[in-house]
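Engineer: Here it is, the structure in full.
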Amino acid sequence: MSLDFSSSQQFIRAAERLYPQLGYQKLSVRALAAQAQLSSGLFHHLFANKDDFMAQVFAQHFQRAFGWLAPEFAADAPPLERLRRLYFQAALSLRNEVPWITRMMIDSADNVATAQQSMQDLVLREFHIVRQMVREIAPQLSNEQAMLAISQMQTSILLPILAANTFSRIRVVPDELRRPILQQLTDEALAQRVDWMIKALFSAKETQ
């Protein structure tokens, strides 16, 4: 392993620790160097600019967090079971990545191009895989009907994870409601929500 590669990985690991709290704008070279225990000059030697660096950070982090999301995911299972497994795994991964995803959404809203591109790449990767699965499960659906089914799964399974985590962290709900909200993020609750949506959208296929 070369010294440059080792040092670049130290900077990337430092960014992974700091980014969810600081975001793109406040993640300075000085802060990265201090966290990595390396020099600012070395950062400029290793990376063309901050955007190039952050593109590498996002790519490596998403590969670890969502590397499983590929066309061959659960390829040995029937299409309906593949879809069920995919959404359950997506729910688990998203739950673990809420600090990252919410920070990237904030940066994307602030027109940080690297955050926007990385988020778009991830969303499109999932969309294309899910769309192919839905086509295999229900080929009779029109494109509009398939898009509606996918949007219902996204908004019913994945988006509530972001909302529940956000509400619990900023404490805008009463404590007696906060606990039930967090209970919706357990493995069991997520699996149940996936099952409900699969059955609601593809109930005829469940009995075949």
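The numbers here are math on the coordinates, done by the rules we state, and not lab data. Quick caveat, the model's predicted, so the values are computed rather than measured. Ideal geometry is used to build each Cβ from the backbone, glycine not excepted, and the neighbour counts take in all protein chains shown.
Engineer: Hey, got the dipole for the range 49-202? About the Cα centre, +1 on K and R Cβ, -1 on D and E Cβ, debye to the nearest 20?
Structural biologist: For the range 49-202, the charge dipole is close to 280 debye.
Engineer: Using just the Cα positions, wrap the chain in a convex hull and report its mean projected area in square nanometres, one decimal place.
Structural biologist: Average projection, Cα convex hull of the chain: 14.4 nm².
Engineer: To continue, here is another question. Between Arg171 and Lys199, with labels modelled 7 Å along Cα→Cβ, what's the label distance in nm to one decimal, could you check?
Structural biologist: Distance between the two pseudo-spin positions: 3.8 nm.
Engineer: Okay, moving on. Roughly how compact is the range 1-47, stated as its Cα Rg over 2.2 N^0.38 Å to two decimals?
Structural biologist: Working: Rg = 10.1 Å, N = 47, 2.2 N^0.38 = 9.5 Å.
For the range 1-47, the normalised Cα radius of gyration comes out at 1.06.
Engineer: HN-Hα J couplings of the range 189-198 from phi, Karplus 6.51/-1.76/1.60, θ = phi - 60°, integer Hz, Gly and Pro as x?
Structural biologist: Karplus values, whole Hz, x for Gly and Pro: 5, 5, 4, 5, 5, 4, 4, 4, 5, 4.
Engineer: If you put +1 on each Lys and Arg Cβ and -1 on each Asp and Glu Cβ, how big is the dipole of the range 60-151 around its Cα centre, in Debye rounded to 20?
Structural biologist: In debye, rounded to 20, the range 60-151 gives about 180.
Engineer: May I pose another question? Given Cα pairs under 8 Å that are at least 6 residues apart, what percent is the relative contact order of the chain?
Structural biologist: It comes to 21 percent, rounded to a whole number.
Engineer: Something else now. How big is the charge dipole of the range 153-208 about its Cα centre, in debye rounded to the nearest 20, if each Lys and Arg gets +1 on its Cβ and each Asp and Glu gets -1 on its Cβ?
Structural biologist: Working: 7 positive and 6 negative charges, 36 e Å.
Approximately 180 debye in magnitude.
Engineer: Given the DSSP H assignment, sum -39500 (n - 2.57) over each helix run of at least 4 residues in the chain and divide by its residue total; what's the result at 222 nm in deg cm²/dmol, nearest 500?
Structural biologist: After summing the helix terms and dividing by residue count, I get -25500 deg cm²/dmol.
Engineer: Compute a Gaussian network model of the chain, connecting alpha carbons closer than 10 Å, and tell me which residue from Leu86, Leu177, Leu38 fluctuates the most.
Structural biologist: Leu177
Engineer: Under the Karplus relation 6.51 cos²θ - 1.76 cosθ + 1.60, θ = phi - 60°, what is the ordered set of whole-Hz ³J(HN,Hα) values for the range 21-27, x standing for Gly and Pro?
Structural biologist: Values, residue by residue: 7, 9, x, 4, 5, 8, 7 Hz.
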